[in-house]
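Scroll down for the structure; my scribbles are underneath it.
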Amino acid sequence: MKLRFFCNCLLLLGSAGAWAASPSAALGMLVDSADAQAAHDGLRVLGATPGSVADQIGLRPGDVLVDVNGVALANLGADADGRALAAATLNATIAGLPASTPLRLRVLRGGATLALNAPPRANAAPSSTTVASGNAAIDPPTADGCGRISTFDVAPRSQHLYRARILLLDGSTPGPTGTPSFRVTAGTHKLLVAEDIPTREMGVGPIASLRSRRDNSKTLTVTVKADTTALLAARLNTEKAADFADGAYWDPVVWREIPEICR
């Protein structure tokens with residue numbers, strides 16, 4: 001399945017600071033909208049940010065969104081760029097909901113249809129969701145252009161990947177504060193990264209809370225391809241989980257690259 005682009009949908013079901021803001025991004029969910037075929041039966045959920053609206057109402061990886069507030073998301077075809085129209089329909093529907101209207105999602109899970117509801121005003125949340133797709137090869141970088149570096153937190157916990165924070169981007173503090181995605185020129189960039197690995201995941205007892213996350217920040221050099229978003233995470237090295245002295249317990253990594261048009 002070919003990775004095409006991120007659909008910024010933060011209804012607290014996602015987030016993508018430098019991307020154009022979109023209502024569904026606030027939901028905090030990652031969905032697959034690579035093309036019309038990928039979304040033939042609806043928008044497949046790839047992940048939900050822990051603690052987001054999507055997570056709280058029970059969306060799971062593998063769920064398929066088939067309609068939002070009665071508007072169908074299945075079999076809608078593709079736009080002029082070949083992307084699934086279901087993603088644009090999702091965003092437009094959420095954007096058009098009055099603040100007092102609850103969000104109602106109908107999903108397919110394991111052959112059964114489920115109704116999931118978010119409370120009113122969830123669609124006003126100021127963040128973003130990501131629409132993406134599989135793990136296909138990405139074209140080589142072009143000589144110019146732009147891309148993005150993102151700390152959008154949907155990395156799989158099964159791979160011991162957790163939220164990371166960018167302290168410095170090419171020697172400067174990136175902004176605004178809380179932005180999870182930064183537009184950069186295509187090419188090589190140097191990051192200073194801190195980890196946000198929950199203490200409970202360390203597996204070494206109370207001593208883990210004594211670590212200084214900023215003091216254990218690490219540098220990472222990232223080569224960003226044109227029209228590509230590099231997803232950044234903090235990887236917990238479980239075999240060294242108690243080794244805080246030199247920060248050996250973790251490493252910053254780019255865990256996925258997703259083609260996304262950068263303007």
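What FRET efficiency comes out for A72 versus T173 if R0 is 35 angstrom and r is the Cβ-Cβ distance? Round to the nearest 0.05.
The calculated FRET efficiency here is 0.20.
Quick one: if the Förster radius is 30 Å, what FRET efficiency do N117 and H40 give, using the C-beta to C-beta distance and rounding to 0.05?
Plugging the Cβ-Cβ distance into 1/(1 + (r/R0)^6) gives 0.75.
What number, in percent, do you get for the relative contact order of region 146-259 if the mean sequence gap of Cα pairs under 8 Å and at least 6 apart is divided by its residue count?
32
Multiply the residue separation of D144 and T188 by 0.36 nm, subtract the distance between their alpha-carbon atoms, and state the gained length in nm to one decimal.
Result for the pair: 14.7 nm of gain on full extension.
Pop the C-beta distance of E239 and T219 into the FRET formula with R0 = 22 Å and round what comes out to the nearest 0.05.
0.50
Once you order the gyration tensor axes a ≥ b ≥ c over the Cα atoms, which shape class does region 146-259 get: rounded for a/c under 1.5, otherwise prolate or oblate by comparing a/b with b/c?
prolate
Values in this text are rule-based calculations from the coordinates and carry no lab data. Quick caveat: nothing in here was measured; it's all calculated off a predicted structure. When we count neighbours, we look across all protein chains shown, and the Cβ atoms used for this are built from the backbone with ideal geometry, even at glycine.
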